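The values are calculated or read from the model by the stated rules, or taken from the named source; none is laboratory data. This structure is a prediction, so every number in the text was calculated from the model and none was measured. Ideal geometry is used to build each Cβ from the backbone, glycine not excepted, and the neighbour counts take in all protein chains shown.
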Amino acid sequence: MNFSDLGLMPELLRAVADKGYDTPSPIQREAIPAVLAGRDVLAGAQTGTGKTAGFVLPILQRLSADTAGAGQAAPRALVLTPTRELTAQVADSARAYAKHLKLRTYQVFGGVNINPQISALRQGCDILVATPGRLLDLAQQRCVDLSKVQVFVLDEADRMLDMGFIADIRRVIKLLPGKRQNLLFSATYSDDIRGLAERLLHDPQTIQVAPRNAPIELVEQRAYRLPKEHKRHLLVHLIREGNWQQVLVFTRTKHGANRLTQQLEGAGIRAAAIHGNKSQGARVKALEMFKRGQIIALVATEVAARGLDIKELPQVVNYELPNVPEDYVHRIGRTGRAGAAGEAVSLVASDEAQYLRDIERLLRKTIPVLPTPAFAIPEGSAHEPSGADRGRQEHAGARGHRGHSGGHGQHASRGGAHGRHHGGGQQTNRHRHGGQGGRGGAA
Ligand code: AMP
């Protein structure tokens, strides 16, 4: 099967060939004919599956066939996305695929001056890609007319709901004409997504595709269990020891991302943070420096990392585990693409033990827990590990390998005092061996 079998017009086939794609991905094979036929679509597809081209290509074709609407200022297709980055990426894709057509794409998102967006919208566009909040601001100021929208796309709908956009989405829908085509893309299905889909979609074609790569097979995963305050030391150690050149580090909060970035810089590791409080310019700059190898560590929050076009990374570090296990899969899916070896390292504090268990349940696999190297923790640190502490961590690891459901964090969380009383290297060794045996068994 190739792109010409999908019924795409020559201008789009040329654009696809210019991009160097030769075969359509599974989502494209199903979504393109459905959208061309005017169907509503409910698609379960993650980033990396080629979903963007799956909706952008047929939308472009439908709009170029609609000669009556050509040249009008009001957009005829509207794509809502959760983040600025994704908005920019979708708009860039649309422009690239439309390069042999006379269709204009424009993007709007918050966090930047609204006035240039107002002026640009006055020039008109065929496809508008937007984050919900800024779009509503523009609509309120009567700077955008959504009454001509024929195709409405919710991209990464699950993420939009997670970010609390449901009310905004409903407000946007009220501004659209009743008769239109609706496409909903979501990596996961919750009851909320199902509810939204039921209200939004009419007799949709349902498409479900697996992630482009099963990252689990390609990514070497491991975890370390250690107190929060030791995480930064271990990370510095891992980066130095492994001579890592490009690592994406996930933190749970913006503040945490900033702090860790400073700590890495303090340890002589070039780093930058990327999160929702950073200006668009700062984020683009950080991403470019990372891609060019000018910084080694990019420290990102989940939401900011979503939609970033970075993949085939050698290393991803979960500095904090995500509380939604699917997010773990997305995160580590950024490594090890196209057969390249990737490593995903998780630093797990005792209060994250449950998250690790949830992830293991989703993966149906135990993630090997390695002993924290003692030399990764600097001398004079408040929690300098004694032999017994190391034993405790390895003990926790050994339990992890066997996939105990009964709280393999409890041991670690009991803290140093408890462990210290146990003493000894003997125990350390026994547990380490136990752990590795368990790992072998789980693999
Ligand atoms: P997406 O899932 O839309 O974010 O796309 C993931 C990546 O795959 C993007 O970098 C696209 O340029 C690329 N891509 C999309 N479709 C294809 C295809 N048919 N063949 C090869 N690469 C593709």
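Show me the helices (runs of 4 or more DSSP H) entirely contained within the stretch 134-223 in which 2 or more residues are small (Gly, Ala, Ser) and in the same structural domain as residue 68 (by TED's automatic domain parsing).
Working: elements: 157-162, 166-174, 191-200, 215-218.
Once the helices (runs of 4 or more DSSP H) in the stretch 134-223 are filtered for at least 2 residues that are small (Gly, Ala, Ser) and in the same structural domain as residue 68 (by TED's automatic domain parsing), what remains is 191-200.
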Among the numbered conditions (1) without any contact (Cβ under 8 Å) to a residue 12 or more places away in the chain; (2) in contact with a Phe, Trp or Tyr (Cβ under 7 Å, 6 or more places away or on another chain), tell me where residue 78 comes up short. (1)
When the stretch 248-298 is checked residue by residue, the ones that are buried (at least 18 other Cβ atoms within 10 Å of the Cβ) and of a type in the set (S, T, N, Q) are 251, 261
What's the number of the only condition in (1) part of a helix (DSSP H, G or I); (2) touching a helix residue (DSSP H, G or I) at 6+ places or on another chain (Cβ under 9 Å); (3) among the aliphatic types (A, V, I, L, M) that residue 120 fails to meet? (2)
Residue pairs within 9 Å by beta carbon, gap of at least six or interchain, first lying in the stretch 101-118 and closer than 24 Å to residue 304 by Cα and in the same structural domain as residue 13 (by TED's automatic domain parsing), second of a type in the set (Lys, Arg) and modelled with pLDDT under 95, listed first then second, are 107/84; 109/84; 110/84; 111/84; 111/278; 112/84
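Inspect the stretch 35-53 for any residue being part of a helix (DSSP H, G or I) and over 22 Å from residue 87 (Cβ atoms) and give the result as yes or no. Show your work before the answer.
Initial filter on the stretch 35-53 (part of a helix (DSSP H, G or I)): 35-36, 51-53.
Add one more test, that the residue is over 22 Å from residue 87 (Cβ atoms), and what stays is 36.
Within the stretch 35-53, one or more residues are part of a helix (DSSP H, G or I) and over 22 Å from residue 87 (Cβ atoms).
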Filter the stretch 54-70 down to the residues that are part of a helix (DSSP H, G or I) and modelled with pLDDT under 95 and list them by number. 67, 68, 69
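Look through the stretch 3-30, keep the residues that are among the aliphatic types (A, V, I, L, M) and within 10 Å of the ligand (Cβ to nearest atom), and return whichever of them is farthest from the chain's Cα centre (by Cα).
So, considering only residues that are among the aliphatic types (A, V, I, L, M) and within 10 Å of the ligand (Cβ to nearest atom), the one farthest from the chain's Cα centre (by Cα) is 16.
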Residue in the stretch 41-73 that is farthest from the ligand (Cβ to nearest atom), counting only those that are of a type in the set (S, T, N, Q) and closer than 18 Å to residue 129 by Cα: 72
